[in-house]
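Below is one structure, written out as C-alpha cells; the observations come after it.
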Amino acid sequence: MTDADPLADADVRRVLGPDGQVLPGATVPDLSDEALVGIYRDLVITRRFDERAVSLQRQGRIGTYAPCAGQEGSAVGSTYALDDRDLISYQYREHGAIVVRDLLAEYLPYWMGHEVGTEAIVEGNVFPLNIGIGAHIPHAVGAAWAFAHRDEDRVVACHFGDGATSEGDFHEAVNFAGVFDTPTVLCCHNNGWAISIPESRQTASATFADKATAYGFDGVRVDGMDPLASYVVTKEAVDRARSGPHDDAPRPTLIEFVEYRFGAHTTADDPSAYRDADDVDPWRALDPIDRMEAFLRGTGRIDDDGVEEVRETADDVVADAIDAAEAVDADPADMFAHASGDLPPELRRQRDALLAAVDEHGDDAFLREE
Ligand SMILES: Cc1ncc(C[n+]2csc(CCOP(=O)(O)OP(=O)(O)O)c2C)c(N)n1
Ligand SMILES: [Mg+2]
C-alpha cells in the first residue's frame, strides 16, 4: 500500500502513515481516548451523511449536493482543534466541521432549499456556507478582526478550496490578515481540482502554502487525509492566532490540506469527463476513516464492538437528521423572501404562479417521480 502512497515524496506534515501506523518521530496529539474515538465517530458520521445525501439527491429528495468523501479528515481534525466559541466559515464541502459542531439536523434542510436551520447554525458559531467562490474569506477575516478589536479571545477558521486562491477576494483577505494580524486560520483544501481545472492550471506556485510567504506569515502543508496531523497543524495555528497566553503577537496561518475528492464535484458533475477513474485509486489508499480506525485498533482504543457501535451511531445520527429535515414544513414563498428588497414584477409573477400551483396540486406537485 505504501508504494501507492501519492504523498510519499511530498513535504507534508503527517502523524499517521497510509496504514494508520504512527510514523517514526511523530507524536500522537495529547487528546483523551474519548476525543480520539470521537474523531473517528465524526469521520464515520460524515461519510454516512455523504452517502445518504448523494442517494437522497438521486431520489429527488434534496437538491444539488457537494460530496466530501476523502476530505473528512481535514474538516473533522481541524475542528477538534477549535473551541466552541471559535467561528467557522466554510465553502460548501467541509461537512465534517458541521458534524463536529453537532448541527447536521439544522444543516441538511439547507441542501433541501430551506433556510430554517441557518439561525441555529449561526448560533453554533458557523457562518452559512458560501457558493460564491472566495467571497466568504474577507468576511471571515473581518470577523476575526472584530474579535481582536473587542478583545474577544476567539479565532476564525476559514475553509476554502484550491480554486478559491485564484479569486481576488482571497488575496485581499489574506493580505489584510497578514497586515492586521487577524486571529484567522486559513484552511485551503487542495483536493487537486476546481471542478475540471487541475491544480497544475490553478497556480504556478510550487504549493498553495507558499502563497503565505508573499503576505508575511507562515504557510504549512499537511496530509489532509490524516485526521491527527490535520488536528495538530490546526492546533498550532489556533495557538498562534490566539491572543494569549503565549508572549508572541497573534499571527494568522495558511494551512494547505493536501487531499483528494473521491467523488464528483457535485451531484451535477461527471468527473469521467476530465479524470480517469484510476486516478482516484492511489488516494483511496489514504482513506482517512481506514487510517483512523487502524490507528485506534492498533493502539487498543477500539475493537470490533466499538467499531460496530460507531457505525450504528452514525446510521442513527444521519437517519435522525434526515427525518428532522424532511419534517420541515417550509413555505414555498420563502424562496422569494430574500431575493430582493422590493420584489420586481417578474419575480412577483413567478411567486404568485408558484403559490397558485401549490394551492392546486399541493406540495407533492414538486416531487419527482421515484
Ligand atoms: C465566483 C465564482 N466563480 C465561479 C463559480 C463556479 N464554481 C463553483 S465551484 C467551483 C470550483 C471551486 O473549486 P475549489 O475552490 O478548489 O473547491 P472544491 O470544489 O474543489 O472543493 C467553481 C469555479 C462560483 N461558484 N463562484
Ligand atoms: Mg478544489
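The values are calculated or read from the model by the stated rules, or taken from the named source; none is laboratory data. Every value quoted in this text rests on a predicted model; they were computed, and no experiment measured them. With ideal geometry, Cβ positions are generated from the backbone for all residues, glycine too; neighbour counts draw on all protein chains shown. Accessible surface areas use protein heavy atoms only, side chains included; no ligands, DNA or RNA. Shrake-Rupley method; radii C 1.70, N 1.55, O 1.52, S 1.80 Å.
Enter the accessible area per residue of the chain (Å², integer; probe 1.4 Å; all protein chains in place).
With the other protein chains kept in place, the chain gives 46 Å² per residue.
In the chain, what percent of the accessible surface is made up of carbon and sulfur (1.4 Å probe, ligands and nucleic acids excluded)? Before the final figure, lay out each step's value.
On the way: 8000 of 16910 Å².
So the carbon and sulfur contribution to the accessible surface is 47 percent.
Counting only the backbone N, which residues of region 57-75 are under 19 Å from the spot 7 Å out from the Cα of Glu167 toward its beta-carbon?
Zone members listed by number: 64-68, 75.
In the chain, once you exclude exposed trypsin sites (Lys or Arg not before Pro) (DSSP loop, at most 10 other Cβ within 10 angstrom), what's the longest stretch remaining?
Details: sites that count: Arg150, Arg368.
The longest uninterrupted stretch comes out as 151-367.
For the chain, what is the mean residue ellipticity at 222 nm derived from helices alone (per DSSP H run of n ≥ 4: -39500 (n - 2.57); sum divided by total residues; nearest 500 deg cm²/dmol)?
-14000 deg cm²/dmol
So which residue, out of Pro227, Pro271, Pro252, gets the largest mean-square fluctuation from a GNM of the chain using Cα contacts under 10 Å as springs?
Pro271
Can you give me the Rg/Rh ratio for the chain, using Cα atoms for both radii and the Kirkwood formula for Rh?
On the Cα set of the chain, Rg over Rh gives 0.98.
In whole angstrom, note down how far apart the Cα centers of region 314-353 and region 221-282 are.
Each part reduced to its Cα centre gives a spacing of 32 Å.
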